[in-house]
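Have a look at the structure below, then the notes.
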Amino acid sequence: MSLQDANQLREAFASFLPLPVRLKPRLRDALQHILANEGSLVRPQIVLDLCAAYEFPRFSARHLAIALEYFH
């Protein structure tokens, strides 16, 4: 993954911050781990690459990539 791709994914995840106060601490820790570790962004990058190949809108692809990582 290129540095630009990693930065774009981090920015996309960060756009959903701050995390809601009602989140359980374990979930909050997991989401913060995603932002702190580039290796955690492999699955979202695959989603973005596939969406680009199928000409899926980039904005929607980012939301899909984030959702996938959250559910993982």
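The values are calculated or read from the model by the stated rules, or taken from the named source; none is laboratory data. Values in this document were obtained by computation on a predicted structure and should not be read as measured data. Neighbour counts are summed over all protein chains in view; Cβ atoms, including those assigned to glycine, are modelled from backbone coordinates with ideal geometry. SASA here: full protein model, heavy atoms, side chains in, ligands and nucleic acids out. Shrake-Rupley method; radii C 1.70, N 1.55, O 1.52, S 1.80 Å.
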Quick one: Glu55 ticks every box in (1) open to solvent by 60 Å² or more (accessible area, probe 1.4 Å); (2) at pLDDT 85 or above; (3) assigned to a helix (DSSP H, G or I) bar one, so which box is it? (3)
Looking only at region 58-72, filter to residues that are under 17 Å from Asn7 (Cβ atoms) and not hydrophobic (A, V, I, L, M, F, W, C); which one of those is modelled with the lowest pLDDT? Glu69
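Tell me the residue from Arg43, Arg62 that is open to solvent by 50 Å² or more (accessible area, probe 1.4 Å), within 17 Å of Ser15 (Cβ to Cβ) and not hydrophobic (A, V, I, L, M, F, W, C), please.
Arg62
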